[in-house]
1. Which order do peptides B:14-24, B:208-218 fall in by mean Cβ count within 10 Å, highest first?
2. Kindly state, to the nearest 0.05, the FRET efficiency for residue B:292 paired with residue A:28, given R0 = 56 Å and r defined as their beta-carbon distance.
3. Measure out, as a whole number of angstrom, how far apart the alpha-carbon centroids of region B:55-94 and region A:307-372 sit.
4. Take the alpha carbon gyration tensor of region B:52-100, find the square roots of its eigenvalues, order them as a ≥ b ≥ c, and report rounded if a/c is under 1.5; if not, report prolate when a/b exceeds b/c, else oblate.
5. Please order B:346, B:28 by the number of other Cβ within 10 Å, starting at the fewest.
6. How much FRET efficiency would the formula 1/(1 + (r/R0)^6) give for residue A:2 and residue A:232, where r is the Cβ-Cβ distance and R0 is 35 Å, rounded to 0.05?
7. Gain in length, residue B:299 to residue B:335, computed as 0.36 nm per residue apart minus the alpha-carbon separation, to one decimal in nm?
8. So in the protein assembly as shown, what percent of DSSP beta bridges are antiparallel if you round to the nearest 5?
């Protein structure tokens, strides 16, 4: 397998307002995206990759002269990799509201001349998908061969088949769920409260005060991180290992390696992630619930996707979006007699498994993309 | 069943220093406790109840002229209740470091004339048990008929059989564990970071600043609360129910009932719980690990308890201290040929089930205490 090499982000500006699910609209906006591979003559080999909370358009490859800049799904996307860029034209796009380049809370609101901050409109999975669809059209692609995403990205992949079913053929939803459970929402809410009650949050207008709510972001990330790992993988990786070999009997300093690891994760995150983006993205997760418009009937919700084909993948130790949640999706598809393959991967790494290269998982994706390639003539 | 009626807390001062596991000592201290029922002539019918994080000596009954002051385990302890105060003399004691009356961080350090605050010595489960043993002796009880506790209280019950095996007969450990997993420690650490990074924490000396780190305490409690409930019970109780019937599309205000519930729990907690106590108690949880002194061999750790008898109870949906953790205890006891009964209760309520009155659970305790009564002539 070869690396995709050096890549370059691109931007596209959209002057037409984007109507949002909330009733508001974004007057005009810019999306940042990357592409890998070559679009074929009939534009039939395009695959869109949707990102989750802590990622963006930089899916694969690396940036010129930038250390440790490898894309977040580089193990999946590249020449001869499971999503093979020798065959597919792969697109990564940063979602609206993000802090990685597309129009978001850190940008200036043209209506006020001030940064959006907390005034950035609430965006949903469906809004993101609509914005992505405009980009796909602008790139000259009538129909995607496939859309793929993990976790929140999987929700976007699902939403593509509900909002734009004619504009995509295959949907691959990994480690995803048809909506958040009360427990999922609860974890999001605690993380949000850590951020919004940080005195440096200033109601979401902290940019103007020259500070960031780093304390809140750290705690939010620590909470999130616990839910991404399985109990077993934490036990295997850290167990009760002490940081300094012996106990210090301290309530405020680090005793256990797991504490050191979590603090480090929180620290790193607080240095690059935007607090308003964190709120927006966790809310998009909370709001996603395609069954809601159908009285809770997920099967009814999937009726528009009758001509799509699906691969649904879950991981045995994922307790954030457990296999049972993926099976709800599969059941709804089967109820509609929609073609669906389902793989429940016995993997120890919890929710984060979707980012790792477990051979059974990647073999499953490779086989499925071979089928997509054969169908689309890629 | 009858209520135990009006009860009164008592205090006892201990002038002899208590040596602590950390190597430090508490020079002198006061314990607050309550008793229910009557100690029989040969003092053979005493049962000690150990409390978990958010509780104290007020186990049963209520206070005179005080609304909603019923004890935290009143459904278990009282006349004709499973722990029958017509037969047993039941003792509830508040642990050192607590904020409910026994000597703790809010009290004045006689060595400095200032409140202890963050300087209160780190106390462990073993230290608590040693202090409890002194109280039991002061009450004229040579040997407890039983010690019982849930969660962290269960750890104290276990520690009694390891440190003072001749001074207790039966040990009842409910919803407990032989130590915290990395994930358990991780949740404690996030909660602690929420508290200690609250600007109002002032390194633990906030009393002198006339503030409390309420923001941190709220977040800490919200995190804790999620781990006390099962995913299923949260789904059943709250699901995705909206607070106002429709979506408001807001990142900072409440949308879902679960958010409202958690915020309320956090708010209540921050109004009465002490931040330094929270740190101390979560650390006592982190540190408990009787196998550590035996190279991780829990069976070796339980060798001193060979003359004790045990009831171990777990709950099917408890993911904080899952049944597998209780089975580790049972295995260690069986390895020592120690008498142990084990009940795994199929209950939907998660860790909190130990506080509820599920009939199968309470019937199990009732039957066990009848055996204890028969043995001890209660």
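1. Put in order of decreasing packing, that is B:208-218, B:14-24.
2. Efficiency, from the Cβ-Cβ distance: 0.35.
3. Using only Cα atoms, the two centres lie 51 Å from each other.
4. oblate
5. By the 10 Å Cβ count, ascending: B:346, B:28.
6. E between residue A:2 and residue A:232, to the nearest 0.05, is 0.55.
7. 12.3 nm
8. 30
No lab work stands behind these numbers, since they all come straight from the coordinates. Source: prediction; values computed, not measured. Positions of Cβ are generated from backbone atoms using ideal geometry, with glycine treated the same way; all protein chains shown enter the neighbour counts.
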